[in-house]
Amino acid sequence: MAVSTTFSAPKFDSLFLNSSSRPSPPSTHSHFSLLTKSRTFFIQKGIFRCDAQNSLQNNGSSSSLSPLELLKTSSADRYTKERSSIVVIGLSVHTAPVEMREKLAIPEAEWPRAIAELCSLNHIEEAAVLSTCNRMEIYVVALSQHRGVKEVMEWMSKTSSVPVSELCDHRFLLYNKDATQHIFQVSAGLESLVLGEGQILAQVKQVVKVGQGVNGFGRNISGLFKHAITVGKRVRAETNISAGAVSVSSAAVELAYMKLPGASHDNARMLVIGAGKMGKLVIKHLASKGCARVVVVNRTEERVAAIREDLKDIEIIYKPLSEMLSCAGEADVVFTSTASETPLFLKDDVKDLPQTSQNVGGHRLFIDISVPRNVGSCVSEIESVRLYNVDDLKEVVAANKEDRLRKAMEAQVIINEELNQFEAWRDSLETVPTIKKLRAYAERIRVAELEKCLGKMGDDISKKTRKAVDDLSRGIVNRMLHGPMQHLRCDGSDDRTLSETLENMHALNRMFSLETEISVLEQKVRAKVEQNQK
């Protein structure tokens, strides 16, 4: 994990932010997952790059500026030319306990609202939310790295009621290429608690599905997640990373059988609360373990009936939510996997439940794979209960670690190839501001010269003649711009073409003094601040 924290002096703080405070450097929490050995960790702190010499050559004003003024000018100029950054700020099973993650979890139905709120921040242009039982990650395109991170952290703190300082203790923070590599690894299943599990790819697809048509799920973020889906599919197709891989649900079943006495495996009474995707997978893996009967509690019977149709090898008995407590009292193992934002079981609900038999060890197992949790931590205080959550599944997935690391290295080769392609595509977008500025520059000249021409022709010229002159001027400009525009466009698939395109862009910037135009980022920041002040 590489984290860049290069600082640039704020040129527009006094104009837009009305604040003299300077954001502190973003802290990071280095998390060690299965790829610890294959990833490079470094932190670049507080580096100021001063391009004073180039500024002097361009401006020819070395004698009139002091060294301090040169530093300020260079830093501010760098801010105006700063390229927007892809940033991910998140917490995962590798960096934060479930008690923290559940406070930040955002239900899928709330993702569009979260995107809208994030994009209303002054320095955030695009956004996406990936919230699962193992992670809560915010992806943004920031007009300024440090201001954008500060604004997102404050938003996360406000929505979760968790202080920023506490979030910083558990977050991870990645920029640009490292952020791209991270979502590619997530989609490939390399960052999952269970390496290669397939459910995360479906969750990444859901981000794109929910984001379609949402203002703020823009070209960069949409392109990032769509490419991540391609990576996830390719890794699973070209490697055996998913061969024998387990999901969170199957790991939960494995954990239950690890904790139950061997003699009770065939007759332990199983209860599953929730008939969603996770609940269905729990039932499926119980059946694969030889479980012959399971009770399923759900709000409606339709989903349970659909599961019963798909899984013929296990007896599935439906019970309504109103009978949840009585069903728990008759079960030896209770799996919970619902989207409830409040606990279904608290200490007072469980303490008076009937005791389990000694055949199953005398303890009732609660295995909660929901985030937010369905079972309050206070339940663990009851002597006759053993409570486990998603973080406890690490005990199951610790097996065969070397084999999983080998598979991860194979997948990383593919990820690196796709990473280069995506970065080339992003680089190709860098010419877009130059294209816009060159067209605007040419249009200003065309309009000015057209007005001069029409003024000389007098007021009595016909509309037809006026239109003909206007069309002539547009045609000349378009023909003149055709060549330069062609040399500024590329799809990023050819490194040589991309390099030449960027060289052409810099040449045009110099020839037409386009770098003196107001920067695209400045325009965007100005527009957002003005909009928020209305």
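Work through the residues other than Val294 whose Cβ is under 13 Å from its Cβ and net out their charges, Lys, Arg +1 and Asp, Glu -1. Taking every other residue near Val294 into account, the sum is +3. Legend: calculated FRET efficiency, Thr230 to Glu443, from the Cβ-Cβ distance at R0 = 45 Å, rounded to 0.05, equals 0.75. For the stretch 324-466, carbon and sulfur atoms together expose 51% of the accessible surface, with a 1.4 angstrom probe and every protein chain in place. Sorted on the mean count of surrounding Cβ atoms within 10 Å across their residues, most packed first, peptides 111-120, 354-363 read 111-120, 354-363. Let's test the formula: R0 of 45 Å, r as the Cβ-Cβ distance of Lys209 and Glu383. What FRET efficiency results, to the nearest 0.05? So, using R0 = 45 Å, E works out to roughly 0.45.
Carbon-plus-sulfur fraction of the accessible area of the stretch 117-206, 1.4 Å probe, in percent? Using a 1.4 Å probe with all protein chains present, the stretch 117-206 comes out at 48 percent carbon and sulfur. Extending 7 Å from Cα along the Cβ direction at Leu450 and again at Lys347 yields two label points whose distance is 7.8 nm.
A protection proxy built from the mean count of other Cβ atoms within 10 Å ranks the segments 441-447, 148-154, most packed first, as 148-154, 441-447.
At a Förster radius of 35 Å, what calculated FRET efficiency corresponds to the Cβ-Cβ distance of Lys467 and Val432, to the nearest 0.05? The value I calculate is 0.70. Cα centroid separation, the stretch 89-130 to the stretch 239-308: 29 Å. With all pairs of separate Cα atoms included, the stretch 207-255 yields a Kirkwood hydrodynamic radius of 13.2 Å.
Extension gain, Asn240 to Val477, is 79.7 nm, computed as 0.36 nm per intervening residue step minus the present C-alpha separation.
For the cross-link pairs Lys209/Lys280; Lys205/Lys277; Lys259/Lys351; Lys150/Lys209; Lys259/Lys280; Lys319/Lys351, the ones whose C-alpha atoms lie over 26 Å apart are Lys150/Lys209.
The values are calculated or read from the model by the stated rules, or taken from the named source; none is laboratory data. Computed from a predicted model, the values in this text were never measured in an experiment. For neighbour counting, all protein chains shown are included, and Cβ atoms are generated from backbone atoms with ideal geometry for every residue, glycine included. We work out accessible area using only protein heavy atoms, side chains counted, and drop any ligands, DNA or RNA first. Shrake-Rupley method; radii C 1.70, N 1.55, O 1.52, S 1.80 Å.
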